[in-house]
Amino acid sequence: MASWHHGLVADWWAFFNTEGPEITYFGAHVAGGQPALDAGCGTGRLLVPWLEAGYDVDGCDVSADMVARCRERARAAGHDPFLEVQPLHELDMPRRYRTVVACGVFGLGTTAEQDVHALERLYAALEPGGTLLLDHEAAYTDEHQWRLWMPGVRAALPEELRPRAHRRAAPDGTERELRSRALASDPLDQTITLEIVADLWRDGELVATETRPLTLRLYLDKQLRTMLTAAGFELVAVHGDYERTPPTADTAFLVYKARRPVGS
């Protein structure tokens, strides 16, 4: 499984990926359905604010580095959540949940078969009547990403990696930069393979560079609806861009609200 979520990339996520409308949108569902699981919690962007709000929430992630940074952030805020290192397709938590949130994780570094198993494991993690909230980016709203599947563009891959030019100051006194390029694409498999390059400067000197692969598996709306139904879910609603409104053709992120049937 190709994954970028380690080392310097995990640092970047912990330092700079701390906000977004997902926190409030998904948090409102968690508030009304606890206990909850942040399935793919990363470095705690959603989970830590929910803990601070007093919610009963656990977390899991495929990356031990991400989980370690999530735990550090939670403890710095005075919390000690239950966190596990688990991929979604092997999810096996010690309790079941009224709400499971899978934000920004479905189809990352996985096979299609693993994604099918992931939905089955997410179903099993819910109490009967419990709710899954799962988001997925619509590939066609990202012009560059969509073009990567075109024959002429695909034949010219891999892309050139852009020069270093956008350092960011990190809270630990270092400087960081994250760059990416497309290595390959496969429209039949609905995947794009990226290379993520993370750089670290200390006192103005470049001291570390790490290169990580990332495979994006991009599903269309009807595919996800079919997959959720096949896993046993009842589809309750589909929202667009973290608003409680129906999606349109211009929606960048689709959010699926699905329920494990009562009595199942």
Leading residue by the ranking (surrounded by the fewest Cβ atoms within 10 Å (Cβ to Cβ)) among those in segment 166-189 that are under 24 Å from Y219 (Cα atoms) and out of contact with any Phe, Trp or Tyr (no Cβ under 7 Å at 6 or more places or on another chain): L188
Test result for D65, surrounded by 19 or more Cβ atoms within 10 Å (Cβ to Cβ), of a type outside the set (G, A, S) and more than 12 Å from the chain's Cα centre (by Cα): yes
Condition met for P94 (farther than 30 Å from L220 by Cβ, part of a loop (DSSP other than H, G, I, E, B) and touching a helix residue (DSSP H, G or I) at 6+ places or on another chain (Cβ under 8 Å)): no
Subset of segment 192-232 [over 18 Å from E113 (Cβ atoms) and buried (at least 17 other Cβ atoms within 10 Å of the Cβ)]: I192, L194, E195, I196, V197, A198, D199, L200, W201, R212, L214, R225
Segment 65-91: number of residues that are part of a strand (DSSP E or B) and free of Cβ contacts under 8 Å to residues at least 40 places away in the same chain: 2
Leading residue by the ranking (modelled with the highest pLDDT) among those in segment 239-264 that are polar (S, T, N, Q), surrounded by fewer than 19 Cβ atoms within 10 Å (Cβ to Cβ) and over 17 Å from G27 (Cα atoms): T248
Entirely in segment 170-264, the strands (runs of 3 or more DSSP E) that have 2 or more residues that are among the hydroxyl-bearing types (S, T, Y) and in contact (Cβ under 8 Å) with a residue 12 or more places away in the chain: 175-186, 191-202, 205-217
Subset tally (residues that are polar (S, T, N, Q), out of contact with any helix residue (DSSP H, G or I) (no Cβ under 9 Å at 6 or more places or on another chain) and either in the same structural domain as G107 (by TED's automatic domain parsing) or closer than 26 Å to V101 by Cβ (or both)) for segment 197-256: 6
Y140, sole failed condition from (1) of a type outside the set (A, V, I, L, M, F, W, C); (2) part of a helix (DSSP H, G or I); (3) more than 29 Å from Y242 (Cβ to Cβ): (3)
Selection from segment 97-117 of residues that are at negative phi and outside any helix (DSSP H, G or I): Y97, R98, T99, V100, V101, A102, C103, V105, F106, L108, T110, T111
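The values are calculated or read from the model by the stated rules, or taken from the named source; none is laboratory data. What you are looking at is a predicted structure, and each value in this text was computed from that prediction instead of being measured. As a convention, Cβ positions derive from the backbone with ideal geometry for all residues, glycine included, and neighbour counts pool all protein chains shown.
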